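**Q** Below are the structure tokens for one structure; questions will follow.
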Amino acid sequence: MTPEQLAEAILAALHASVDAGEFAAPLPESVRVERPKSREHGDWSTNIALQLAKSAGMPPRKIAEALAARLSQGEGIAKVDVAGPGFLNITLDAASAGELAKNIVEAGAVYGHNDTLAGHVINVEFVSANPTGPLHIGHTRWAALGDAIARLLKASGASVTAEHYINDAGSQMDKFAGSIVARAGVRRSLRVVIRAAGSTTWPHRSPAKTLTSRRCPTTKPMNWPSLAAMSFNLNRCRPR
């Protein structure tokens, strides 16, 4: 028995109790089941009785006892205990767990596939490791998690695009590249850029400007080429 099937069984027991006049209350469209904190409290639990107590005008434990009596007779359920103010602790029959395993094996790779998200287009972006820092186990974890999420969405019928970012662009990379330019020497780097653009001579020179920065190796005046179409982020190593 799956959690979804158990939730449906609880909902059916609720409707049966209301129809029998055991209590009267507006019923929810679905019931949530959770794993108990302690395995001694069964396989699944629900607090639906506590949720309905106020609208039913009854102690939650009374509602839980009525539900427990009906659920105990259900297929695949070995035992139902009422705990505390009205929690239902449910223990499944061992054979039902075996039946679930059998269904998974028989269905093979298509087990769990559905069309819940059919027609939805989803883009999953994940990892995006910092290119200027070391990789660590967290990046591996997020790679596995992001891939798993994308696969689950696909299995639910969505059209999914998974993007594993290399992260080699943006302001962080601009600063990284600028720091390399500053380290290598601004004038020399500009000359390389100009030569790469197809020019073998410097453009007309603008008035001398002074580099003043704690990160720059020099503060002597330098003549800078006038390149209106070019922009350099030199990590605070700028003329002023």
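**Q** Express the C-alpha Rg of segment 10-122 as a ratio against the empirical globular expectation 2.2 N^0.38 Å, rounded to two decimals.
**A** Working: Rg = 16.7 Å, N = 113, 2.2 N^0.38 = 13.3 Å.
For segment 10-122, the normalised Cα radius of gyration comes out at 1.26.
**Q** Could you sort the peptides 64-76, 172-184 by per-residue average Cβ neighbour count (10 Å cutoff), highest mean leading? Intermediate results must be reported in sequence, preceding the final value.
**A** Details: 64-76: 17.5, 172-184: 15.8.
Per-residue Cβ counts within 10 Å, averaged per peptide and sorted highest first, yield 64-76, 172-184.
**Q** What is the spin-label model distance, in nm, from D174 to D81 if the labels are put 7 Å beyond Cα along the C-beta direction?
**A** Once both label points are built, they end up 6.3 nm from each other.
**Q** Right, here's the next one. How do the peptides 46-53, 24-31, 84-91, 152-159 rank, highest first, by the average count of neighbouring beta carbon atoms within 10 Å per residue?
**A** Working: 46-53: 21.4, 24-31: 12.5, 84-91: 19.5, 152-159: 15.9.
Highest mean packing first, the order is 46-53, 84-91, 152-159, 24-31.
**Q** Here's something else I'd like to know. For Y165, what residues show an amide H to amide H distance below 5 Å, using hydrogens built from the backbone and excluding near sequence neighbours?
**A** Here F126, S128 satisfy the definition.
**Q** Calculated FRET efficiency, A109 and H164, Cβ-Cβ r, R0 25 Å, to nearest 0.05?
**A** After rounding, the FRET efficiency stands at 0.60.
Every number in this text was worked out from the coordinates using simple rules, so none of it is lab data. These figures come from a predicted structure and were not determined experimentally. We place every Cβ from the backbone using ideal geometry, glycine too, and count neighbours over all the protein chains shown.
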